[in-house]
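Everything on this sheet refers to the single structure shown next.
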Amino acid sequence: MKSNKQRKTEIKQRRWARMERQREVALLPAMPHGALAADTQLLALIHGQSFCHVGYYVDISYHCCDCGATCVWTAQDQKWWCEQVQGNLYAGASRCKDCRARHRAWRQSHCDAAEMAALRALWRARPDASARARVNTALQAKAPDLRCLAAQALAWWWVQFGDQPAHAQLEALSLERSWAPRIDRILRRELELRPGVHRVCRVVSYPRATMGAALPGH
Ligand SMILES: [Zn+2]
């Protein structure tokens, strides 16, 4: 005689197996030969349902943006990046292995760890004049990492506190060619993951009009 609990567990397991089969069948026709299946349920968990468009990974060939060498971003590495590292789905490979190491060393040599920590600490509080000044300085910094952290601070101030000056600054930055994709990434990556700010991400398209009053609750 089985208890209700046992029966329920069995039903759940059967249902799970059935869903698993359906998922595999649904994936099969679209998968090219040699592709690596993506764990779509995991991706949906990490990145949100609407961003889960990756059904499988295939090797992607690209040119290193520094030395121009032809490289391959393997399906395996993509799976590792998206599912283990849980990195940005929109990030692509851009440098070969050697150039990547060189670039990382260059970046780190230009980045003051203390300054980065200080910038991160600014995100949590309402901005005062000195915080704004610090962020403005960092926006002009030579190191891309510092500039990104500064933009992230602006994004946080806007989302957490409805800070209008930060919003205006972000808006202005997003119109600049060199900043636009970065702002796009920051808003998607940093804000899409937080509950309650989904609508903010609609502002990632660049035209000025779309940035309006998209923020809920402000
Ligand atoms: Zn290279």
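As a summary of the residue check, residue 70 satisfies the conditions (1) within 16 Å of the ligand (Cβ to nearest atom); (2) free of Cβ contacts under 8 Å to residues at least 24 places away in the same chain; (3) of a type in the set (Ser, Thr, Tyr); (4) surrounded by 15 or more Cβ atoms within 10 Å (Cβ to Cβ) except for the one numbered (4).
Results for (1) under 26 Å from residue 68 (Cα atoms); (2) surrounded by fewer than 17 Cβ atoms within 10 Å (Cβ to Cβ); (3) within 14 Å of the ligand (Cβ to nearest atom), shown as yes or no for each residue.
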position: 100; (1), (2), (3): yes, yes, yes
position: 103; (1), (2), (3): yes, yes, yes
position: 108; (1), (2), (3): yes, yes, no
position: 119; (1), (2), (3): no, no, no
position: 127; (1), (2), (3): no, no, no
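A Cβ distance below 7 Å, combined with a sequence gap of six or more or placement on separate chains, defines the contacts here; from the stretch 82-101, residues that are among the polar types (S, T, N, Q) reach residues that are assigned to a loop (DSSP other than H, G, I, E, B) and within 16 Å of the ligand (Cβ to nearest atom) in the pairs 94/65. At least 1 residues being farther than 30 Å from residue 135 by Cβ and out of contact with any helix residue (DSSP H, G or I) (no Cβ under 7 Å at 6 or more places or on another chain) is the threshold, and among the helices (runs of 4 or more DSSP H) wholly inside the stretch 54-124 those reaching it are 75-79, 97-110. With respect to being within 16 Å of the ligand (Cβ to nearest atom), crowded, with 18+ Cβ neighbours inside 10 Å and within 21 Å of residue 62 (Cβ to Cβ), residue 95 fits the description. Of the residues making up the stretch 115-135, those that are farther than 14 Å from residue 149 by Cβ, without any contact (Cβ under 8 Å) to a residue 24 or more places away in the chain and not acidic (Asp, Glu) are 125, 129, 130, 133.
Read-outs: derived from the displayed coordinates by stated rules, not from any lab. What you see is a predicted model, and the numbers here were worked out from it, not measured in a lab. All Cβ positions, glycine included, derive from the backbone under ideal geometry; neighbour counts span all protein chains shown.
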